[in-house]
1. Going by the conditions given, is residue 133 under 19 Å from residue 54 (Cβ atoms) and surrounded by fewer than 17 Cβ atoms within 10 Å (Cβ to Cβ)?
2. Return the only residue of 95, 100, 90, 104 being in the same structural domain as residue 138 (by TED's automatic domain parsing) and over 16 Å from residue 118 (Cβ atoms).
3. Assess whether residue 272 counts as being modelled with pLDDT under 85, of a type in the set (Gly, Ala, Ser), more than 30 Å from residue 401 (Cβ to Cβ) and part of a helix (DSSP H, G or I).
4. Filter the range 348-367 down to residues that are of a type in the set (Gly, Ala, Ser) and outside any helix (DSSP H, G or I), then give me how many there are.
5. Taking the range 299-336, which residues are in a strand (DSSP E or B) and farther than 25 Å from residue 373 by Cβ?
6. Using beta carbons and a limit of 9 Å, which pairs, at least six apart or on different chains, have the first residue in the range 163-175 and surrounded by fewer than 17 Cβ atoms within 10 Å (Cβ to Cβ) and the second one at pLDDT 75 or above and among the β-branched types (Val, Ile, Thr)?
7. Any residue that is at pLDDT below 80 and either in the same structural domain as residue 15 (by TED's automatic domain parsing) or among the charged types (D, E, K, R) (or both) - is there at least one of those in the range 130-142?
Amino acid sequence: MIRNTRLLLAIGFGGLLLLMAYAGFAAVRALRSIQSRNAEIRRQFLARNRVLNQIRSDVYLSGTYMRDYLLEPDANNAETHKASLNKDRADMQEALAEYARHLAPGEVAPYSALTRDLEEYWRLLEPALEWNAAERRARGFAFLRDEVLPRRMAMVNIADQIARVNERQLNDDNIQVEQLFAQFRIRLGVTLMVTLGLGLLLAAGSMARILRLERESQEAGQGLKDLSARLVQAQENERRAISRELHDEVGQALSALLVGLSNLSAALPESAERVEGLRDLAQNCVRVVRNMALLLRPSMLDDLGLVPALEWQAREVSRNHGIRVNVAADGVSDDLPEDHRTCIYRIVQEALHNAVRHSGASTVRITVKQSPEDVHVLIQDDGCGFRPEAEKGLGLVGIEERVTHLGGKLRIDSHAGRGTLLAITLPLEVHERDQNPVS
């Protein structure tokens, strides 16, 4: 299941990333194409417009050169104007040839008309270029007025028509660029919608999967907690059974053995010393069995309540290990629920064990307070302390398990050289508080 989930997530996120990468690559390519198209349109328009302006200028200059030629009385100067006119004609032909390379489809007809008129215009000028000075004086003004100037204006008008066609072509090209932008926006929008849709589906699937795994984890965690609680309960029941068995069966058998040894010592005075040794050995066994039974499950916890059991435990630790253990109980009910009594007793037992084994404490203070809502337990020692976040052992883990099972809270406050404080709060259920009023 985990392998399939990872595979699906890898495919989903990988596909989404690939789609986003493709969308980005396509967007960059489309923008680059549009930019190139726009630059090409502008370049062609400027090239055509430049050549067209040159043709228009050459037409004007041709009229000027022709006027100067016809009105010039000096033959040498007339030849100079004629050479300028021929050069202007050559420049115009070159400009027409260059414009033909950039000719737009809509400019073919006016360009052809302009070319024909220019050819006719130059054919018209050719005979006048052969006139002598007298012919130029006699016929030059009329020729300029009736032939040159009207044809020049006609050609300029044709050039203006071509310029307008050129502008319309530029507008058409701009419209094409706008259409390309519109198509690009549509494609980009569709790609983004598909990507967003797939992302939402993937996110929804991932969230559903995560929530399902979270529920399964919570159920598994709750099952572990229930199992831990049952194990603790089974452990307590087993300890209670073993304690009673030691107390009732083994303890009574050893007590009977002591009575029998006493009778044997009275009946056999000559063996009294050896019987007395056996009797001392049996008394030590009785003491060991009694201590084991009390450690497993002190009968006073069930018979007398929590506070006497804690006080007995404090006396035993003080007597066996030389540590002062003080117990202060305020308003603790004799009818405290069994789970709470067992939990507090085991927590105190583990805390005292840690104080003896690890902290090197000389004094331990145990405070138990009961309120209508909960029970508070404070265990404080003056030992060497430790780092709870890094040095948590199985004993503290067991304390946390017991407290968590009863819905309580645990706080551990410890610093090196400053001792340790355990603060436990165990809530009391409403029906238990009603049935067990605080005494």
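1. no
2. None of the other options fit; the residue is 104.
3. Considered against the rule, which asks whether it is modelled with pLDDT under 85, of a type in the set (Gly, Ala, Ser), more than 30 Å from residue 401 (Cβ to Cβ) and part of a helix (DSSP H, G or I), residue 272 comes out as yes.
4. Qualifying residue count for the region: 3.
5. 324, 325, 326 - these are the residues of the range 299-336 that are in a strand (DSSP E or B) and farther than 25 Å from residue 373 by Cβ.
6. 174/41
7. no
Per-residue answers, yes or no, for (1) farther than 21 Å from residue 111 by Cβ; (2) over 60 Å from the mean Cα position of the chain (by Cα); (3) part of a helix (DSSP H, G or I):
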| residue | (1), (2), (3) |
| --- | --- |
| 17 | yes, no, yes |
| 21 | yes, no, yes |
| 47 | no, no, yes |
| 73 | yes, yes, no |
| 79 | yes, yes, yes |
| 86 | yes, yes, yes |
| 94 | no, yes, yes |
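The values are calculated or read from the model by the stated rules, or taken from the named source; none is laboratory data. Note that this is a predicted model, so its numbers are computed, not measured. FYI the Cβ positions are ideal-geometry reconstructions off the backbone, even for glycines, and counts take in every protein chain you see.
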